[in-house]
Structure formats: structure tokens, C-alpha cells
Amino acid sequence: MKRLSATDAILLYQERSPSDYGHCMRVTVLDIADRVPAAAAQEVRDILASAITRFDPLCSRPISTPLGLHHPLWVKDPDFTVDNHIYRVGCPSPGTERELADFVSSIASRPLDRTRPLWEIWIVEGLASGELALVTKVHHAVADGLATAQMFDEICTTEPVPIGQLLQSRGYQASPIPSKPTLVRLAVIDVLKMLPTIPGVLRRSREVRRARRDRAPEQRPARAWDARPTALNRQLGPCRRFAFTSFDLNEIKTIKDAYGVSVNDVFLAICTTSIRRLLLDRDELPDFPLIANVPVSTRTLEQQYTYGNQVGALAVRMPTDIEDPVERLLALKADVDVAKADFRLAEGARPMDVAELFPPLVHQMVVRVVRDQAGKGRPLMGNVPLSNIPGPREEVYLGDFKITSVYGLGPLVAGMGLNMTAWSYAGRLNLSLLSCRETIPDLWALAELAQDAFDELYQRCRTAGTRGC
């Protein structure tokens, strides 16, 4: 059993309506060469079923604490079976990328079953390319982006491995669900363990506040709750929309080197430019910068290959009010640098550190306020989440099936009707877009705008000749 952290629990608490889903997803495409698709799909299912029991988070479900005394516990599910989580389906004809995206949209548009471990895998046959796709859905409370990438690393290999060497799952053992008195006793013990940490966090919070007051104005970062309403910030509907595109990572690095920025800065600039043009086309572009919510991993070396969420967030101004794309990129870099410096400054007193001091009731009240304000058009967590997750640099294998591409996508959060997530894999930066029908009915148009934004920056850097020109 393991107690959910405050961050993990908040991701469960935010599912307050039929249109709030807290799951993340990944689309993995497998090359099955000349094998019979049905037989290959069965082999993939057997490999996954064998591997799943190695991951305790995928065998556990959340159990609430009586009276809300503490956050839920992850408890091994005594009724766990992979048959409740792994499904084989056919992609709608003709099986192109558009039909696959429509299928992913339908899977993204329904919540996970809280009475079971919070994940599903859909093995999709019938793609026009002759490949298989794995559509993986895992609740964000189970793992953040880096943790899911670590799971990916643990299941995959750098060389093909025959299936016979993989079908060696460990025995699955689960204890009965704890009784209510036991849950109360465990909650009290955990609260008592937490109490001695309060003075240190409060002291560190006072130090951070003083340091922030002493900074020059140009060193002060954006704040997520300063985001103003835009057309992307409205009440979420239940129907999700998914689209994707991809960029050559070496060409991204060419842009990076030309302007002295990072790969992540280029990713943020592509997102900013594409959103700017989308809003311009809809005659909805505001005259002020949007604010991006950019996740940052806080996972230490000691926390590698652990799960749950070890993540904070930067609030970054998206200079959608700047017309020139290169000036926009450099302005983004400057604001990211300020946000990173503030994030380092706040170590030990970041929102996730302070959140651990409060009981579930407070977190649930905060979630309710954020959602209510979002329903009134006021986004308290920024205008749009933009996430960039590093994946394997070389092609990897699931058994002896080569993985040809990977797309990861995060959830929509109350008040933010668009999520843009990049996942790098084998020399590509793969960009996933998720929205709801009410916010952006046709996401493929935004995917094309993102491609145009990349092409424009790449052409500018190739003709510039010198940095910043």
C-alpha cells in the first residue's frame, strides 16, 4: 500500500463532472513486418500481460480514507485481471492516420473505472500501413510524463527479443482491501509523520517570499493565475478531439543552434505561433500574451523508476502579441529563463511542497474554486498546458516488434481547452494535440499551423547566417 501524495490526489479530485478526465494517453505504432496482423496482435497482448505485473501501480486501485482524514491509498486490487484492461479492436476503415486519431478521440472521451486499476491498453489492428497501434490510457495520478517514459523504457529493449524470453510474469499477490478502522489508523499514522515537516516548509516559504520581494521587476516571472480569458478557456465538453504531427529533431536542433535557445524553447515557439495563427484566423487573438503552464520534472536520481508525480510547473508568457517569429522565439527564451530561475529559487517551498501540509478537504475546495472560476471564463492555471517529454533517442522494440513512432498526450484541465504535448523518439519530435469539440472542432487545422510555424522558423534560421537575424 502507498499513500497518494497531495499532487497525485488532486489529479483524482479534479474529476468532478462527466467532462473532466484525468488520464494521459500514448499512441505507439509497431512494425509487424510480414506477420499476420491477428497473430501479431495476440503476441503483443501476451507480452503486455506478462509485463504488467512487474508494475505495482498498474495492479493497484485507489481506496478512499474514511471521513476524508487523508488522501486515498493505492492498494493491490484483489480482483485484478489483465482481461479487464487490455482490448483488441479494429481501426475504422480505411485505417489512415485520420481514422486512428478518431479512434483515439473516442477512447479519450470516457473516464477510467475507479473500481479497477486506472489504466487501459487498446491494441488496434487494421491500419492502412499494415502496422499495429497501442493506445495506452493511464490516469495522471498513477504517473507523470517522465514516469510513463520510464515504464516505456522498462518494457522495451534496444534489440529484438523473442517472445519466448518475455513470457515470464511474476506471480501476482494481493491482500484484502483494508477495513475502515485500518484505513483510519493508517491515516492517523501518516498525518503524525507529516507534522514535523511543517515548520521547515513554512520557514522556507518565508525565505522564498523575502527573496522574491528583493528581485528587480525584470526578474519576476508570470503567474499562472494572472492568465486572462481567451477563446481557448471555456467550459469543457465531454467529446475530445485528437490530432498529431511530427518534426525532424535534427532540424529542431538546427533552429536551436542558430538562435542560442533550447529544444524546448523551439517547441514552445512552435506552439505559440500555431495558437496565435489559429486565434487570428478565428478573429479571436487578444492583444495581450497568453500564459502557458509548462510542467517541469522534479524527479531526483534517487526517485528514478518510482511512480506518481514528481513535477512542478512554470508559468511562461506566450508572446502571441509579437508578429515576428524569431522575436517571438527569443522573447519566449527570455521569459523561460526567468521562470526557471524562480523555480530554482522556490525549491522546498513550491506549491506541491506546501500542498502536502493541507488535508484533502482543502484541496477539494481549491479544485472546486478553480473549476467554478474556469466555468466563468477565468483560467487560474494558465491558458494552455505545453509539455515536452524526452523519449528514447534510438528505435526500440517491444519483444521483436520494432516501434516506429510514439505520441504522448496529457489531459485537459478545467478552463484549458487545449493540450499540446511533445514526445521525442528516434530522431523525431512528435506533437500531439488534444482539445474538446466545443473549443477546437477541427484540430487538424492546428496541426497544419504547427507544421507551418516550424517550417517558417527553419527557413528563417537557414537564411539568417548569424544568430538572431
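Among the numbered conditions (1) surrounded by fewer than 17 Cβ atoms within 10 Å (Cβ to Cβ); (2) on the phi > 0 side of the Ramachandran plot, tell me where Gly95 comes up short.
(1)
Look through the stretch 3-37, keep the residues that are within 22 Å of the chain's Cα centre (by Cα) and basic (Lys, Arg), and return whichever of them is nearest to Val354 (Cα to Cα).
Per the stated criteria, the residue is Arg3.
Select, from Val316, Val354, the only residue that is in contact (Cβ under 8 Å) with a residue 12 or more places away in the chain and under 20 Å from the mean Cα position of the chain (by Cα).
Among Val316, Val354, only Val316 is in contact (Cβ under 8 Å) with a residue 12 or more places away in the chain and under 20 Å from the mean Cα position of the chain (by Cα).
Got a sec? Which of Val296, Val326, Val316 is in contact with a strand residue (DSSP E or B) (Cβ under 8 Å, 6 or more places away or on another chain), surrounded by 19 or more Cβ atoms within 10 Å (Cβ to Cβ) and in the same structural domain as Glu438 (by TED's automatic domain parsing)?
Val316
When residues of the stretch 5-24 are filtered for being of a type in the set (A, V, I, L, M) and either in contact with a helix residue (DSSP H, G or I) (Cβ under 6 Å, 6 or more places away or on another chain) or within 19 Å of Thr421 (Cβ to Cβ) (or both), how many remain? If you could, list the steps in order and put the result at the bottom.
From the stretch 5-24, those of a type in the set (A, V, I, L, M) are 6, 9-12; that's our starting set.
From the residues that got through so far, the ones that are either in contact with a helix residue (DSSP H, G or I) (Cβ under 6 Å, 6 or more places away or on another chain) or within 19 Å of Thr421 (Cβ to Cβ) (or both) too are 6, 10-11.
Total meeting the criteria: 3.
Go through the stretch 46-68 residue by residue and tally those that are in contact with a Lys or Arg (Cβ under 8 Å, 6 or more places away or on another chain) and crowded, with 18+ Cβ neighbours inside 10 Å.
Summing the residues that are in contact with a Lys or Arg (Cβ under 8 Å, 6 or more places away or on another chain) and crowded, with 18+ Cβ neighbours inside 10 Å in the stretch 46-68 gives 4.
Between a first residue in the stretch 59-73 that is on the phi < 0 side of the Ramachandran plot and a second residue that is polar (S, T, N, Q), which pairs have beta carbons less than 6 Å apart while being 6 or more apart in sequence or on different chains?
Pro72/Ser64
Would the stretch 361-384 turn up any residue that is under 22 Å from Asp144 (Cβ atoms) and polar (S, T, N, Q)?
So far as the stretch 361-384 goes, yes, one or more of its residues are under 22 Å from Asp144 (Cβ atoms) and polar (S, T, N, Q).
Kindly indicate the residue of the stretch 381-400 that is farther than 18 Å from Gln310 by Cα, surrounded by fewer than 20 Cβ atoms within 10 Å (Cβ to Cβ) and not charged (D, E, K, R) and also modelled with the lowest pLDDT among those meeting that condition.
The extreme case among them is Pro392.
Output the number of the condition that Leu183 fails; it satisfies all remaining conditions of (1) closer than 22 Å to Ala49 by Cα; (2) over 29 Å from the mean Cα position of the chain (by Cα); (3) crowded, with 19+ Cβ neighbours inside 10 Å.
Answer for Leu183: the failing condition is (1).
Within the stretch 374-424, how many residues are β-branched (Val, Ile, Thr) and either farther than 30 Å from Ala39 by Cα or without any contact (Cβ under 8 Å) to a residue 40 or more places away in the chain (or both)?
Within the stretch 374-424, residues that are β-branched (Val, Ile, Thr) and either farther than 30 Å from Ala39 by Cα or without any contact (Cβ under 8 Å) to a residue 40 or more places away in the chain (or both) number 4.
For the stretch 1-120, which strands (runs of 3 or more DSSP E) that fit wholly inside it have 1 or more residues that are of a type in the set (Gly, Ala, Ser) and either over 22 Å from Asp144 (Cβ atoms) or assigned by TED's automatic domain parsing to the domain that holds Tyr425 (or both)? Lay out the reasoning, then the answer.
Numbers: elements: 23-31, 60-63, 73-76, 86-90.
Counting at least 1 such residues, we get 86-90.
Report every pair of residues separated by at least 6 positions or lying on different chains whose Cβ atoms are under 6 Å apart, first residue within the stretch 425-448 and assigned by TED's automatic domain parsing to the domain that holds Leu279 and under 11 Å from Val406 (Cα atoms), second β-branched (Val, Ile, Thr) and surrounded by 17 or more Cβ atoms within 10 Å (Cβ to Cβ).
Here the result reads Tyr425/Val406; Leu429/Ile252; Leu431/Thr245; Ser432/Thr421, each pair linking the stretch 425-448 to a residue that is β-branched (Val, Ile, Thr) and surrounded by 17 or more Cβ atoms within 10 Å (Cβ to Cβ).
Scan the stretch 218-261 for residues that are farther than 19 Å from Thr320 by Cα, more than 18 Å from the chain's Cα centre (by Cα) and of a type in the set (S, T, N, Q) and report the count.
The number of residues fulfilling the criteria is 4.
The values are calculated or read from the model by the stated rules, or taken from the named source; none is laboratory data. All figures in this text were calculated on a predicted structure; none of them were measured in a lab. Using ideal geometry, Cβ is built from the backbone for each residue, glycine included, and neighbour counts are taken over all protein chains shown.
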